[in-house]
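Below: the structure, in C-alpha cells.
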Amino acid sequence: MISIIVPTYNERENLEELFERIAKALEGEEFEIIVVDDDSPDRTWERAEELAKKYPVKVIRRTNERGLSSAVIRGFKEAKGYIFVVMDADLQHPPEVIPELIEAIESGADIAIASRYVRGGKVENWYWWRKLISKGAIMIGRVALPKIRGIRDPVSGFFALRREVVEGVELNPIGFKILLEILIKGRYSKAVEIPFTFGLRSSGESKLSNKQILNYLRHLYRLMKWEGEIDRLVKFSVVGLSGVVVNEGSLLGFVEFLGWDKRIAVIPATELSILNNFVWNDLWTFKDLKRKPIHIRLLNFHLAALTGALVQWSIYLVLLYLGVNYLMANLFGIGASFIVRFLFNRNITWA
C-alpha cells in the first residue's frame, strides 16, 4: 500500500480535485490518503470526511496541535503503507508526479524528492523576492549541513520515502521543512531528485511568514547541534585562538631572541601558526573526516588561510574607504575571514 500524507489548513476548495487526480494517477495501485487537518476554520476536515465516501481517505482532525511538520509526523504514525508520499493540498504539487516518485523508490532509492531545482524542474509565477528567499534558504541549509550538500532542493514539501527511513527515528522539527529533518536524521543510503514544475496555488493562502523564516533558522541551528557542527565551530575557534598565541610567540622569539628583521620574521611566524592550526584541527576538530591524503588536506588548509586573508584584507579596505574606524574595520574583516576559513575547511579540506 502507498500512504499519501496531506497536511491541511483551510484547503477545503482543493480537496475534491486533489483526490480525483491522485486516484487517477494511482489507478491500479492500492493507496490511502491521510488528511491531517489542524481544525481549519473553513472546515476542511468536514469536506475530507464527505469525500471519504468516494475515495480511500482517513481524516485526522487535530484541535490541540498546530504545524505542518508535526502534522506529517502524525500522518506517518497513522499510515499503513510501505511507501509514504508527503504533499500539500494546494495543488502546487501535481499528483501526476507521484508515480515517478514511487518508481524511483521501487528502483532502489530510499527517498525520492520532487525537486524544483534540478534540470527539468521549475517554479511558475513566483515574485522575485519569493525566489530569493527559497534559494537563500537552500544555500544556507547546504552550507550549514554538509550532509545535504548534494541535494538541490532539500526544503521541498513534496517527496516519497520508504517506511524504514523514519520508522523508530525521533523527528522533532520546527516550522514546515520536515524533509530537512528527515535528510539529516533518517535511515537511508540513497536519495534521488525528480524534476517537477511547482505550479500556481489554486485557492487558499500561502503559509510562508516571517515566523516560518525564523523557525527555519532555528531548525537549522538545532540540526547543526544534532550533527555536531556547532561543536566543530567551537573547536575551530579554540584552535584559532591557539594559533594566535603561536603566531605572536614565534614572532616575539624570532625578533627578540634571534634578531631577525620584523618584516621577515612575520612570514615564518605565520606559517608556524598555520601548521599549528592544521595539526590540531586534523587531530581534534575534524578527526572523523580525514578522507583525503594528508598532503591534500594540508594544501587545502593553506588555501583556506589565503582565502580568509584576502577576504579580511578586502573587507578592511572597503570599510576604511566608507569611513569606518580602522580597528572596527579590521574586526569585521577578521569575523568574515573566520567564517570563510571554517566553511572552506569544512566543505573542502575535510569534506
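For Cα pairs less than 8 Å apart in space and 6+ apart in sequence, what is the mean separation divided by the residue count of region 264-351, i.e. the relative contact order in percent?
35 percent
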For the chain, what is the mean residue ellipticity at 222 nm derived from helices alone (per DSSP H run of n ≥ 4: -39500 (n - 2.57); sum divided by total residues; nearest 500 deg cm²/dmol)?
-> -16500 deg cm²/dmol
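First compute the accessible area of region 239-303 with a 1.4 Å probe, then give the percent of it belonging to carbon and sulfur atoms.
On the way: 2950 of 4160 Å².
So the carbon and sulfur contribution to the accessible surface is 71 percent.
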Given a 1.4 Å probe and every protein chain left where it sits, what share in percent of the accessible area of region 1-91 is carbon and sulfur?
-> 42 percent
Accessible surface of Phe84 in the full protein assembly, 1.4 angstrom probe, to the nearest 10 Å²?
-> 0 Å²
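Which order do peptides 305-313, 132-140 fall in by mean Cβ count within 10 Å, highest first? Before the final figure, lay out the partial values.
On the way: 305-313: 16.9, 132-140: 14.1.
Ranking, from highest mean packing down: 305-313, 132-140.
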Per residue solvent-accessible surface (Å²) - the chain, probe of 1.4 Å | 52 Å²
Provide His93, His295, His302 ordered by accessible surface of protein heavy atoms (probe 1.4 Å), highest first.
-> His295, His302, His93
Loop-resident GluC sites (Glu not before Pro) in region 80-126 with no more than 14 other Cβ atoms inside 10 Å, DSSP not H/G/I/E/B, are Glu124
Apply the Karplus parameterisation 6.51 cos²θ - 1.76 cosθ + 1.60, with θ equal to phi minus 60°, to every residue of region 2-14 and state each ³J(HN,Hα) to the nearest whole Hz, in sequence, with x for glycine and proline.
-> 10, 9, 9, 9, 10, x, 9, 7, 6, 10, 3, 5, 9
If only Cα atoms are counted, what is the Rg of region 209-343, and what is its Dmax, in Å?
-> 17.9, 63
Between the helical axis of 128-144 and the dominant principal axis of the chain, each derived from Cα atoms, what acute angle in degrees is found, rounded to the nearest 10?
-> 60 degrees
Restricting things to alpha carbons, find the Rg to Rh ratio for region 256-313 using the Kirkwood radius for Rh.
-> 1.07
Return a whole-number percent for the relative contact order of the chain, with Cα pairs under 8 Å and 6 or more residues apart as the contact set.
-> 15 percent
Mind pulling the angle between the C-alpha long axis of helix 326-344 and the longest principal axis of the chain? Nearest 10 degrees, somewhere in 0 to 90.
-> 60 degrees
When the chain is fully extended, how far beyond the present Cα-Cα distance does Ala23 get from Arg218, taking 0.36 nm per residue of separation?
-> 66.5 nm
What is the spread of the Cα atoms of region 51-139 along each of their three principal axes, largest first, in whole Å?
-> 40, 37, 25
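The values are calculated or read from the model by the stated rules, or taken from the named source; none is laboratory data. Fair warning: this is a prediction, and the values are worked out from it, not measured in the lab. Backbone-built Cβ (ideal geometry, glycine too); neighbour counts: all protein chains shown. Ligands, DNA and RNA are stripped out before the accessible areas are found, and what is left, the full protein with its side chains, is counted by its heavy atoms. Shrake-Rupley method; radii C 1.70, N 1.55, O 1.52, S 1.80 Å.
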